[in-house]
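Trainee: Handing you a structure now.
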Amino acid sequence: MLSLDQQNALREQYRTLNPGWRPATEVYADLVRANLRPSARVLDLGCGRGGLVEQLDHPLAQIVGVDPDWRSLREHRLPLPRVAGHSEALPLADSCLDVAFASWLLEHLPRPSFTLAQLARVLRPGGVFVFITPNRRHPLSALNGLLGRFSRLQGALVERFYGRAGADAFATYYRANTPTALQRLAAAQGLELEELHAVPDPTYLAFNSALFRLMTRFEATLPADRQLHLVGCLRRPQ
């Protein structure tokens with residue numbers, strides 16, 4: 001089993017071997033913080049039980065969490081305003097947000113254009129949507145996409161190999177998970193793909209030191225547009 005703590009320890013080894021590299025989650029968190037202003041109204045889309053919102057120094061009264069899962073909302077670790085809802089029909093007023101962010105959401109959307117249309121509606125002019133998601137062009141994502149068609153099997157594998165609740169594994173579609181797809185989907189909704197980073201990470205199959213070394217060498221062979229994670233932001237023009 002490969003725990004999150006073990007993965008993070010391997011990421012620190014990888015950082016030492018590759019000066020200047022940062023985990024995708026750090027790039028993502030910094031991009032969210034760079035777009036926050038003291039008065040910003042913020043959406044944590046697919047908020048689950050917590051996550052990045054727990055690391056932000058921002059008034060909770062100015063953040064709303066939206067998630068379709070009632071149990072996750074009830075078990076949220078922060079007392080922030082939150083509501084059950086789906087990204088295709090956000091229960092929010094037009095032009096009410098300055099910043100929206102989503103962790104590991106885009107890959108699960110069967111109709112990402114509907115979600116981006118909703119984000120374009122609820123963001124104020126100049127508002128931004130920041131995301132982190134797998135890159136469909138990475139071989140591991142391709143494998144996960146295949147397994148994602150069988151969510152029960154995928155959930156069992158996640159629980160067996162990573163020690164995480166299988167119930168938290170959801171079907172994957174990868175329909176907004178390449179630079180080209182993101183550019184096309186954003187433009188169709190009047191959004192601009194302002195920034196996009198492709199970030200390698202060799203730790204997901206590093207169940208032992210030999211596999212870690214193998215995956216590190218493998219990641220080094222991939223071109224930039226096939227790195228494992230995509231981190232970026234879409235902006236509604238002024």
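Trainee: Among what's in the stretch 81-98 and is within 20 Å of the chain's Cα centre (by Cα) and in a loop (DSSP other than H, G, I, E, B), pick the residue that is surrounded by the most Cβ atoms within 10 Å (Cβ to Cβ).
Mentor: Of all residues in the stretch 81-98, those within 20 Å of the chain's Cα centre (by Cα) come to 82-90, 97-98.
This time we only want the ones that are in a loop (DSSP other than H, G, I, E, B), so: 85, 87-88, 90.
Numbers: 85: 18, 87: 24, 88: 16, 90: 22.
Ranking the candidates gives 87 first.
Trainee: On the basis of being at pLDDT below 95 and either in contact with a strand residue (DSSP E or B) (Cβ under 6 Å, 6 or more places away or on another chain) or closer than 30 Å to residue 19 by Cα (or both), does residue 209 make the cut?
Mentor: In short, yes.
Trainee: Scan 52, 31, 2 and give me the residue that is crowded, with 17+ Cβ neighbours inside 10 Å, closer than 22 Å to residue 227 by Cβ and modelled with pLDDT under 95.
Mentor: On inspection, the qualifying residue turns out to be 2.
Trainee: A further question follows. So the check is Cβ under 6 Å with 6+ separation or different chains; which pairs have a first residue in the stretch 12-26 that's more than 15 Å from residue 215 (Cα to Cα) and a second one that's not charged (D, E, K, R)?
Mentor: Partner pairs satisfying both residue conditions: 24/132; 24/199; 24/229; 24/231.
Trainee: Related question: Quick one: what pairs do we get from the stretch 112-132, first residue touching a residue at least 40 places away in the same chain (Cβ under 8 Å), second in a helix (DSSP H, G or I) and aromatic (Phe, Trp, Tyr), C-beta under 9 Å, 6+ apart or different chains?
Mentor: Matching pairs, first to second residue: 130/28; 131/28; 132/28.
Trainee: Quick test for you: out of 184, 236, pick the one residue that is surrounded by 14 or more Cβ atoms within 10 Å (Cβ to Cβ), of a type in the set (Lys, Arg) and modelled with pLDDT of 95 or more.
Mentor: Residue meeting the stated conditions: 236.
Trainee: Further question: In the set 178, 172, which member is within 20 Å of residue 113 (Cβ to Cβ), under 14 Å from the mean Cα position of the chain (by Cα), polar (S, T, N, Q) and modelled with pLDDT of 95 or more?
Mentor: Details: 172 fails: modelled with pLDDT of 95 or more.
From the options 178, 172, the qualifying one is 178.
The values are calculated or read from the model by the stated rules, or taken from the named source; none is laboratory data. Only a predicted model underlies this, so the values are computations on that prediction, with no experimental measurement involved. Neighbour counts are summed over all protein chains in view; Cβ atoms, including those assigned to glycine, are modelled from backbone coordinates with ideal geometry.
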